[in-house]
1. Can you name every residue in segment A:263-278 that is at pLDDT 95 or above and either within 22 Å of A:S151 (Cα to Cα) or not in a strand (DSSP E or B) (or both)?
2. Could we say that B:T156 is assigned to a loop (DSSP other than H, G, I, E, B), among the β-branched types (V, I, T) and more than 14 Å from the chain's Cα centre (by Cα) here?
3. Exactly one condition in (1) within 23 Å of B:S57 (Cβ to Cβ); (2) crowded, with 21+ Cβ neighbours inside 10 Å is not met by B:Y203; state its number.
4. Please count how many residues of segment A:320-378 are over 27 Å from A:E295 (Cα atoms), over 23 Å from the mean Cα position of the chain (by Cα) and among the charged types (D, E, K, R).
5. I want to confirm something. Restricting to segment A:374-407 and keeping residues that are among the β-branched types (V, I, T) and in contact with a Ser or Thr (Cβ under 7 Å, 6 or more places away or on another chain), which single residue is nearest to the other protein chains (Cβ to nearest Cβ)?
6. Filter segment A:71-117 for residues that are at pLDDT 95 or above, within 14 Å of chain B (Cβ to nearest Cβ) and farther than 23 Å from A:A173 by Cβ and give the result.
7. In segment A:371-399, how many are in contact (Cβ under 8 Å) with a residue 60 or more places away in the chain and surrounded by fewer than 16 Cβ atoms within 10 Å (Cβ to Cβ)?
8. Take segment B:230-270 and flag every residue that is in a loop (DSSP other than H, G, I, E, B), closer than 30 Å to A:G167 by Cβ and within 12 Å of another protein chain (Cβ to nearest Cβ).
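The values are calculated or read from the model by the stated rules, or taken from the named source; none is laboratory data. Because the structure is predicted, anything quoted here is derived from the model rather than measured. Neighbour counts are summed over all protein chains in view; Cβ atoms, including those assigned to glycine, are modelled from backbone coordinates with ideal geometry.
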Amino acid sequence: MRRAVRPLILLAASLALGGVLAAGAALGIEIADHELSGRLALEGRWYYQDGAHAGQRSHAGGFVVEPNLYVEDAEGRSLTVAPFFRYDAGDRRRTHFDVREAYLLLLGEIGDGEWELRLGADRVFWGVAESRHLVDIVNQTDLVEHPNEESKLGQPMAHLTWSAEWGVLEFFALTYHRERTFPGRSGRLRPGLVVDDERVSYESAAGEWHVDMAARYSHSFGPVDLGVSVFDGTSREPCLACELPRLNERGELLLVPHYEQIRQFGVDAQLTVESWLLKLEAIHRAGAGNQIGVEQDYAALVVGGEYTFNGIFESDVDLGLLAEWNHDGRGSKATNVFDNDAFVGVRVALNDVQSTDFVVSMLADLEHSTRSLVVEFNRRLTDQWSLHLEGLFILAVDEADLTHYQTRRDSFVEVTATYNF
Amino acid sequence: MIHTLTVRLALICSCLALVVSLGWPPPARAETPEEKGLRIAREARERGKGFGNFTASQTMVLRNKQGQESKRQVRIKVLEAPGDGDKSLFVFDEPRDVKGTAFLIHAHKDKADDQWLYLPALKRVKRISSSNRSGSFMGSEFSYEDMGSSEVERFTYKYLRDEPCGDSTCTVVERFPLAKRSAYRRQVVWQDKDELRVWRVEYYDRKNAHLKTLTLAKYEKHLDRYWQAGELTMVNHLTGKSTVLSATDYKYRTKLNERDFTRTGLKRAR
């Protein structure tokens, strides 16, 4: 879907809603509740330095359509459908369509507890940290959306939850592998070579149809929220150094993403005491290739916390201080920027009618001179429109810091106006 | 939670009336104002017991000094937890940018509340600190402390006087929050003697300045027993801002249960 088809999507969503309601009625299912909500966003992003790699443009901009359709029957069973479409004028690969969610939710009682089954495409979040989401692995990252890796592609799955007094136990069968999205030739925040979007390689003979399994136990023990997880299957993070780059028909060298079979154990914990939040996420991952394409088992960690001063200077303003330390056992062979990095941040929430807030955060490599700064501003303009301003400023890059060096000229400022309906 | 607040206060009052009408317990000695205040609070709590659960819709209209208005729409669900504080779930509908955000509170009598926030955009459940009691609830003149449950154990009390209010007589009781982080030094509560409904609360800040006044109106009785105010108006005397909270669609003893007030339940809250 490459063209701007916002009205069509809305029309389709309305028709889908009508269709579901009609189908439900025809099957004798009593529809107790239904709702169509969502957002439309206009976004402009400017990279104020010339790109480091050939063909890169200095702007990205376009719009997002993200409706959300929800239908619930009298027994509490529900259907959620949330398609997503982005049009981007700067990079054709950023123009993309996804089904973020399309799942059926069933639930019932079991003993003193309950079971819940979600069938279909869904998004699942694990973790507690702010600077990165280390244990979070169920969904593929929609990397073209934002380099912060918080946007995720919908993941087809069967997700069974069993919760009772003793906690929450979840099992996941992940039936199809989604490829990570990467910027195209004209896009920013990419390696020197463009990542191939046609050819992809899998360690498993089943390719993208390998069924990945995952499980998680979580519970609140007084002030401590704890999660323990395991994932066994196709890595969400591709190894870009495992396969030789290939020449395409236009004579361009492309990086071929290779998805290995991995096993990851994860733990996440948060201690909440008065104004303190103390956080820990740790993983052990086996089977993945490192920065130079050699398989290397490793452990990684993010540990830190957050302290909030409420109502500073006798006002309604809250001031939050954040600090986290990221460590990756592979050191300079880590495949990401978090090998040994400190994250510090300040969050100011005015707690006014417009919910205005500012966040300033810095990620600093403790071994190299690399530092980057993120500045964010959010404010509601009306009951339906809201404004988001963001700047990513790459302040210094050490040439020896390979993962950062590729994107050294990709500082940007961004404006997003969102209409929520 | 405003509802629990009003339920509790209403209960406080109705218990008092019951006790008075039965002429029990016989006063062995003169009751101190502190004992009387506490007794009223306890009686109200007793009257509030047994509601099971309820749901309601709340609309808040926020008005600044210039008269500009902004609207909030929240659905609330409350589950009685015998022996401990109630469990409450807020689901936000408006403003639309926070639509689907849900807020779960497990109130406790003897320790800090547990609170979780569900952020639908990331599908993330966040445990949040409950120490921000004085902070504004959604930019309104109600703070989390005002919205939260008024467990009897969270205050010390002092009965002040009886005085006429509307068609009936009100008891006026002063209560002092025990929490170090409370925004208030004291609150003064007017409750009618017949039905133990709260009609007015004055909030005094740490410096003892009269900060806010809450006025309650449009009471309705549910299940033939539980009084709920349909309109709560909070006026901030320092800023001139006000918030009118209208509560409608009260439904008692719904299908809600324990499982709707867990982190798993929070993720599917609508």
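1. A:Q264, A:G266, A:V267, A:D268
2. Numbers: assigned to a loop (DSSP other than H, G, I, E, B): no; among the β-branched types (V, I, T): yes; more than 14 Å from the chain's Cα centre (by Cα): yes.
Judged against the criteria, B:T156 is not a match.
3. Only one criterion is unmet by B:Y203, namely (1).
4. 1
5. Step one: list which residues in segment A:374-407 are among the β-branched types (V, I, T), which gives A:374-375, A:382, A:394, A:397, A:403, A:407.
Subset that is in contact with a Ser or Thr (Cβ under 7 Å, 6 or more places away or on another chain): A:374, A:394, A:397.
On the way: A:V374: 17, A:I394: 25, A:V397: 29 Å.
Checked segment A:374-407; the qualifying residue nearest to the other protein chains (Cβ to nearest Cβ) is A:V374.
6. Within segment A:71-117, just A:F84 meets the criteria.
7. Summing the residues that are in contact (Cβ under 8 Å) with a residue 60 or more places away in the chain and surrounded by fewer than 16 Cβ atoms within 10 Å (Cβ to Cβ) in segment A:371-399 gives 0.
8. Initially, segment B:230-270 is screened for residues in a loop (DSSP other than H, G, I, E, B), giving B:237-241, B:253-257, B:262, B:268-270.
Checking which are closer than 30 Å to A:G167 by Cβ leaves us with B:253-257, B:262, B:268-270.
Result: B:T254, B:K255, B:L256, B:N257, B:T262, B:R268, B:A269, B:R270.
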